[in-house]
Amino acid sequence: MPTEEYEALKETLKKPATPEARKEAAEAMKRYLERQKTQGQSSRPMLVSLGYNKTYPSAIPLEKVPDEIAKNPDFYELMRKVITKEK
């Protein structure tokens, strides 16, 4: 069942990739990750993308995802597609 933080993250990612929208999405991702931490997650998960020649790293620890969302428009677009399930 989606949490309130996840729904808020989805809403922020529906906006165009402006610097303000990326910052807002990064904050929403931080809140979401904090919520996940409080639920007893013990591993150090990583987000891995198999895209070739992308402007973002191919493996990012989840705690670094908000920083990458805030600074990289291409990564913001990737997260928007993944989370909002757009094609």
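Derivation of every value follows stated rules applied to the coordinates shown; laboratory data play no part. Just so you know, these numbers come straight off a predicted model, no measurement behind them. So basically every Cβ, Gly included, is an ideal-geometry build from the backbone, and we count neighbours across all protein chains shown.
What to note about this one:
- For Leu47, the amide hydrogen comes within under 5 Å of the amide hydrogens of Ile60, Leu62, counting only partners 5 or more places away or on other chains and with H modelled in the peptide plane.
- Across the chain, the mean sequence separation of Cα contacts (distance under 8 Å, 6 or more residues apart), normalised by length, yields a relative contact order of 34 percent.
- Here is the list for region 1-86: trypsin sites (Lys or Arg not before Pro) lying in DSSP coil, each with at most 13 other C-beta atoms within 10 angstrom of its C-beta, are Lys14, Lys54, Lys85.
- Highest GNM mean-square fluctuation among Ala70, Ala26, Ala59, for the chain modelled with Cα contacts below 10 Å: Ala59.
- Here's the list of lysines a cross-link from Lys10 could span, going by alpha-carbon distance under 22 Å and ignoring same-chain residues fewer than 8 apart: Lys23, Lys30, Lys37, Lys64, Lys71, Lys81, Lys85, Lys87.
- 3J(HN,Hα) along region 49-65, derived from phi through the Karplus expression 6.51 cos²θ - 1.76 cosθ + 1.60 where θ = phi - 60°, amounts to 10, 9, x, 9, 6, 9, 8, 10, x, 7, 9, 10, x, 4, 5, 9, 4 Hz, with x in place of Gly and Pro.
- Of all the options Leu13, Leu33, Leu47, the one that moves most in a Gaussian network model of the chain with Cα springs shorter than 10 angstrom is Leu47.
- Of the residues Leu62, Leu78, Ala17, the one whose Cα sits farthest towards the positive end of the charge dipole of the chain is Leu78 (charges of +1 on Lys and Arg Cβ, -1 on Asp and Glu Cβ, taken about the Cα centre).
- Residues Met79, Met46 in ascending order of nearby Cβ atoms (within 10 Å, fewest first): Met46, Met79.
- The calculated 222 nm mean residue ellipticity attributable to helices in the chain amounts to -16500 deg cm²/dmol, summing -39500 (n - 2.57) over DSSP H runs of n ≥ 4 and dividing by all residues.
- Listing Val82, Val65 from fewest to most neighbouring C-beta atoms within 10 Å gives Val82, Val65.
- For region 69-74, backbone phi angles converted through the Karplus equation (6.51, -1.76, 1.60; θ = phi - 60°) give residue-by-residue couplings of 4, 5, 9, 10, x, 5 Hz, Gly and Pro being listed as x.
- Distance between the 7 Å Cα→Cβ label points at Lys85 and Glu27: 2.8 nm.
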